[in-house]
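For reference, the structure discussed in these notes is given below.
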Amino acid sequence: MAEVHKRVEAEFENIEHVVTELPGSDLLPSLSSLELAGVAALIHNFYNGIENILKQVVISSGKQLPHNSSWHRDLVNIATSNGIISESTARELRPYLGFRHFFSHGYSFDLDKDRIVPLVKSIQATLASFRNDINERLKEI
């Protein structure tokens, strides 16, 4: 199971890199549409990394990954119901899940700075909660 620990840590390193690339939330109002699209891509990358970790830990816990059209939401629910992440961490992740869906299916010219600011403001705290939950779970694997 040491391989799972290595893969998870590699994902955390990638997520940390993404988070350090984000501008401060105070700078968001002055960004151009192109720059805002870049911030949105980084937030999307952040959540993709979260999902990559969840998939690794769910599989390592002997659970099946969802394969339906709502698998992104179901993955968080499976992780929560199996004690991989806490309900409070799941609540912190849900706005990023919603943003992931919008970013994947919407247009960059529809990005709303007011929706992105709270995501940027809370990304460090969300990552810390998630990392804490995952590290606790990895002690059992």
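ALA125 meets all of the listed conditions (1) touching a residue at least 60 places away in the same chain (Cβ under 8 Å); (2) surrounded by fewer than 19 Cβ atoms within 10 Å (Cβ to Cβ); (3) assigned to a helix (DSSP H, G or I) but one, namely (1).
For GLU9, the conditions (1) more than 12 Å from the chain's Cα centre (by Cα); (2) modelled with pLDDT under 95 all hold with the exception of (2).
So is ILE116 touching an Asp or Glu at 6+ places or on another chain (Cβ under 7 Å) and of a type in the set (A, V, I, L, M) or not? No; evaluated as a whole, the condition is false for this residue. Name the residue that is surrounded by the fewest Cβ atoms within 10 Å (Cβ to Cβ), counting only residues in the range 86-119 that are closer than 24 Å to GLU136 by Cβ and touching a residue at least 24 places away in the same chain (Cβ under 8 Å). So, considering only residues that are closer than 24 Å to GLU136 by Cβ and touching a residue at least 24 places away in the same chain (Cβ under 8 Å), the one surrounded by the fewest Cβ atoms within 10 Å (Cβ to Cβ) is SER88.
Just so you know, in the range 1-28 the residues that are among the polar types (S, T, N, Q) and under 17 Å from VAL120 (Cβ atoms) include one that is surrounded by the fewest Cβ atoms within 10 Å (Cβ to Cβ), and it is THR20. Restricting the first member to the range 24-49 and to residues that are closer than 28 Å to VAL8 by Cβ, and the second to residues that are among the polar types (S, T, N, Q) and at pLDDT below 95, the beta-carbon pairs closer than 8 Å and six or more apart or on different chains are ALA40/SER108; HIS44/SER104. For the range 72-85, the criterion of being assigned to a loop (DSSP other than H, G, I, E, B), of a type outside the set (Asp, Glu) and surrounded by fewer than 16 Cβ atoms within 10 Å (Cβ to Cβ) is met by at least one residue. Take the residues of the range 29-65 that are touching a Leu at 6+ places or on another chain (Cβ under 6 Å) and farther than 19 Å from ASN132 by Cα: which is surrounded by the most Cβ atoms within 10 Å (Cβ to Cβ)? Going through the qualifying residues, I end up with ILE43. No other residue among ILE141, ILE134 is crowded, with 19+ Cβ neighbours inside 10 Å and over 15 Å from ILE43 (Cα atoms) apart from ILE134.
Within the range 1-36, the set of residues being closer than 22 Å to VAL58 by Cβ, out of contact with any Gly (no Cβ under 9 Å at 6 or more places or on another chain) and either of a type in the set (S, T, N, Q) or assigned to a loop (DSSP other than H, G, I, E, B) (or both) comprises MET1 only.
Yes or no: the range 81-103 includes at least one residue that is hydrophobic (A, V, I, L, M, F, W, C) and touching an Asp or Glu at 6+ places or on another chain (Cβ under 6 Å). Give the steps one after another, and end with the answer.
Here is the first cut: in the range 81-103, the residues hydrophobic (A, V, I, L, M, F, W, C) are 84-85, 90, 93, 97, 99, 102-103.
Filter again for touching an Asp or Glu at 6+ places or on another chain (Cβ under 6 Å), leaving 85.
For the range 81-103, residues hydrophobic (A, V, I, L, M, F, W, C) and touching an Asp or Glu at 6+ places or on another chain (Cβ under 6 Å): present.
The values are calculated or read from the model by the stated rules, or taken from the named source; none is laboratory data. Quantities reported herein were computed from a predicted structural model and do not represent experimental measurements. Methodologically, a virtual Cβ is constructed for each residue, glycine included, from the backbone with ideal geometry; neighbour enumeration extends over all protein chains shown.
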